[in-house]
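The block underneath contains the structure these notes are about, expressed in structure tokens.
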Amino acid sequence: MKWLFLFVVLLNAGFLSWHSFVQDTPEKIKESIYGPPVSEKIHLLSEAPAVTERDYSAGIVSNEGLEEAINQVIGPPAGDVEALFCPRLETEKLEDKKQLAQVLQDFGWPYQEREVSGKRPKFWLYIAAPETPELAETIVKELASKSIDSFVINRAEMKNRISLGLYSSKERADQARQRIENISGYQVKVYEHMRTVSLWQVDIGQPVNEKNWEQFLSRFDLTKMMIKLEKNPC
């Protein structure tokens, strides 16, 4: 009995020791596994449901329509605004000024005109002075017989030169020079100089776009008119 009692005591002691060891062993910590965030969002019952892909596309279309509506209100971008200018026309001849005024009235454009003075290039045609005044008079008579107007200059620095006229453009002066040389057989020279003359300035009193400006100019034969054109900002 003594040994049986001792055996039972040792058995209980062993069981208690084993049970205490099992409870003291730490549990193995589970490592968290990283994953991408889930796009699903938690909503309260009072909140609106999530927007579907179809609803998102519909929102884009709606935004484009809104942008178009705004553009119609505020107008095109600044780079697309049509350029406007206020032209000034300047002419020396009264006949040209009258023609400008008539076309401006036809277009219904307001305008202002004033007379000013300014320098303009002039092109003088002449035949070099012969040796004597008598020979110069002979040349003038010969030219008159061929319907060429001319006269002898008596000024000291140009004495006995034969004047053939003054032209406002080099093109017309060159044409006249060639014609007189062909008819008379004399060499004709061109002298260019600046001369103070009376000018007519005409300011158009409203902004004009490029299309209307071209239509306005098409009413004139600019090859036969001495007109200076300026496209000034308004």
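The values are calculated or read from the model by the stated rules, or taken from the named source; none is laboratory data. If you're wondering where the values come from, they're calculated on a predicted model, not measured in any experiment. Because the Cβ atoms are built from the backbone with ideal geometry, glycine has one as well, and the counts that use them run over all protein chains shown. Remember, those area values only see protein heavy atoms, side chains included, never the ligands or the DNA or RNA. Shrake-Rupley method; radii C 1.70, N 1.55, O 1.52, S 1.80 Å.
Computed values, structure above
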item	result
Exposure of Leu199 as accessible area (Å², to 10), given a probe of 1.4 Å and all protein chains	10 Å²
Residue-level accessible surface for Met194, protein heavy atoms, 1.4 Å, Å²	110 Å²
FRET efficiency, Ser117 to Asp221 (Cβ-Cβ, R0 41 Å, nearest 0.05)	0.95
Where Tyr191, Tyr111 fall by accessible area, highest first, once all protein chains stay in place (1.4 Å)	Tyr191, Tyr111
Rounded if a/c under 1.5, otherwise prolate or oblate - segment 120-196, Cα gyration tensor axes	oblate
Ranking by accessible area, most exposed first, for Thr138, Thr223, Thr132, Thr91 with a 1.4 Å probe	Thr223, Thr138, Thr132, Thr91
Accessible-area ranking of Cys234, Cys86, largest first, probe 1.4 Å	Cys234, Cys86
Karplus (6.51, -1.76, 1.60) ³J(HN,Hα), θ = phi - 60°, over segment 179-196, in Hz, Gly and Pro reported as x	5, 5, 4, 5, 7, 8, x, 8, 7, 10, 10, 10, 10, 9, 7, 8, 9, 7
Cα-based shape type of segment 116-164, given that a ≥ b ≥ c are square roots of the gyration tensor eigenvalues and the cut on a/c is 1.5	oblate
Accessible surface of Phe85 - all protein chains present, 1.4 Å probe, nearest 10 Å²	20 Å²
